[in-house]
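The values are calculated or read from the model by the stated rules, or taken from the named source; none is laboratory data. These figures come from a predicted structure and were not determined experimentally. Reconstructed Cβ throughout: ideal geometry from the backbone, glycine too, with neighbour counts over all protein chains shown. SASA here: full protein model, heavy atoms, side chains in, ligands and nucleic acids out. Shrake-Rupley method; radii C 1.70, N 1.55, O 1.52, S 1.80 Å.
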Amino acid sequence: MAGQEHEREEDSAEKRARLILSLRSQGVTDPAVLDAIESTPRDIFTPDLFKERAWEDSALPIACGQTISQPFIVGLMSQALQVEPRARVLEIGTGSGYQTTILSKLARLVYTVERYRTLLAEAEARFRRLELTNVITRFGDGGLGWPEQAPFDRILVTAAAPEEPKALLAQLKPKGILVAPIGKGPVQSLRRYVGDGHGGFAVETLTDVRFVPLLEGVAKEP
Ligand code: SAH
C-alpha cells in the first residue's frame, strides 16, 4: 500500500518535471513562473474525469462549458505580464482558479473576477485548500474591471475580448502591463499593452491563442 502511494507520487513528480521541461523548450524560462507552475497541483483544478491528464500540456474542460487553460499558455501569459513581487494584479476570468494560483505566487495581491457563481465558489474552495491568503475574489462582469481597487500594476484577461479592452486599460497604472487575448473569432491574438507613463501604450502581439469569449454581464445559472 505504502509502496503504491510512493509509486504514484514518483509518477506525478515525473509528469511535473516533463511538463516543466516542455514549457522551457517552448520559451517559458522565467524561473519564478516555472517554480509557480511546478509547485501548483493542477489536478485539484480539473474535474475528476480529467485528473489523469492534469499534467499534460493541454487545456481541459471545466464546469459551465468553460476551460482550464493550457499550462504553456498560463506560463507564457504569466511571463509576459512581468509580475513583480510587490505588484497588485487584476485577473479577469477566474474559471478554475489555476491561473489565479500561479499569479498569487508571483504577486503581492491578486484580485480576480468571474461571471459564474458556481465556478467562483469552486475556485474559492481551492484557494482555501491551498491556504492562499493574497487572493481577493469577486462575482461580477470583469469587463468592467474593479474600479474600487484600481489602479493595478498588472491586468491579465483570461477570456477573449472582442476588441481593445478600454475600461480595463483605464484601470492600469501609467507604466502598468495588461495581457489579453483580443479577437472575435475562434482564434485570437494574445496582446501585451505596456503603459508608456503618459497615458499611451506600446502594443505587441505575442502569439495566436484560443480562449472562450469574454461575455457581458453575469451568467444566469439555475
Ligand atoms: N484562468 C482560467 C481560465 C478560465 S476560462 C483558468 O485558469 O482556469 C475563462 C473564464 O472567463 C471563464 O470561467 C468565463 O466564465 C470567464 N469570463 C468570461 N467573461 C467574463 C466576464 N465578463 N467577467 C468575468 N469572467 C468572465
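Would you mind checking the tilt of helix 2-25 against the longest principal axis of the Cα atoms of the chain, expressed as 0 to 90 degrees and rounded to 10?
For helix 2-25, the angle is close to 40 degrees.
Let me make sure I get this right: for region 2-209, a, b and c are the square roots of the gyration tensor eigenvalues over alpha carbons, sorted descending. Under 1.5 in a/c it's rounded, otherwise prolate if a/b > b/c, else oblate. Which is it? Walk me through the numbers before you get to the answer.
Numbers: a/c = 1.73, a/b = 1.55, b/c = 1.12.
Here region 2-209 falls in the prolate category.
Could you state the number of Å between the C-alpha centres of region 162-207 and region 52-74?
Between the Cα centre of region 52-74 and that of region 162-207, the gap is 24 Å.
From the Cα gyration tensor of region 103-222, with a ≥ b ≥ c the square roots of its eigenvalues, which class applies: rounded if a/c is under 1.5, or else prolate if a/b is larger than b/c, or else oblate?
Values: a/c = 1.75, a/b = 1.26, b/c = 1.39.
Verdict is oblate for region 103-222.
Mind putting a number on the dipole of the chain about its Cα centre? Charges go on the C-beta only, +1 for Lys and Arg and -1 for Asp and Glu, and I need it in Debye to the nearest 20.
Values: 27 positive and 30 negative charges, 119 e Å.
Here the size comes out at about 580 debye.
Mind checking the per residue accessible area of region 100-222 for me, 1.4 Å probe, whole number of Å²? Could you put the intermediate results ahead of the total?
Values: 6160 Å² over 123 residues.
Per-residue value: 50 Å².
Mind pulling the angle between the C-alpha long axis of helix 117-129 and the longest principal axis of the chain? Nearest 10 degrees, somewhere in 0 to 90.
Between helix and principal axis, roughly 60 degrees.
At a threshold of 8 angstrom on Cα-Cα distance, excluding pairs fewer than six apart, so keeping six or more, what relative contact order does the chain reach in percent?
Dividing the mean separation by the residue count of the chain yields 15 percent.
Take the alpha carbon gyration tensor of region 19-83, find the square roots of its eigenvalues, order them as a ≥ b ≥ c, and report rounded if a/c is under 1.5; if not, report prolate when a/b exceeds b/c, else oblate. Can you show the working numbers first?
Values: a/c = 2.14, a/b = 1.75, b/c = 1.22.
Cα axes put region 19-83 in the prolate bin.
Roughly speaking, to the nearest percent, how much of region 2-209's 1.4 Å accessible area is carbon and sulfur? Don't jump to the answer; show the numbers that get you there.
Working: 4930 of 9750 Å².
Carbon and sulfur together cover 51 percent of it.
Restricting the count to DSSP beta bridges whose residues both fall in the chain, what percent are antiparallel, rounded to a multiple of 5? Write down the numbers at each step before the final one.
On the way: 16 of 36 bridges.
Just about 45 percent of them are antiparallel.
Give the average over all directions of the projected area of the C-alpha convex hull of region 70-164, one decimal, in nm². Write out the running numbers ahead of the final one.
Numbers: hull surface 23.8 nm².
So the mean shadow area of the Cα hull is 5.9 nm².
Run down the lysines and flag those whose C-alpha is under 30 Å from the C-alpha of residue 166, throwing out any fewer than 8 positions away in its chain.
105, 175, 184, 220
Report, to the nearest 10°, how far helix 71-80 tilts away from the longest principal axis of the Cα atoms in the chain, using its own Cα long axis and a range of 0 to 90°.
With both axes taken from Cα atoms, the answer is about 40 degrees.
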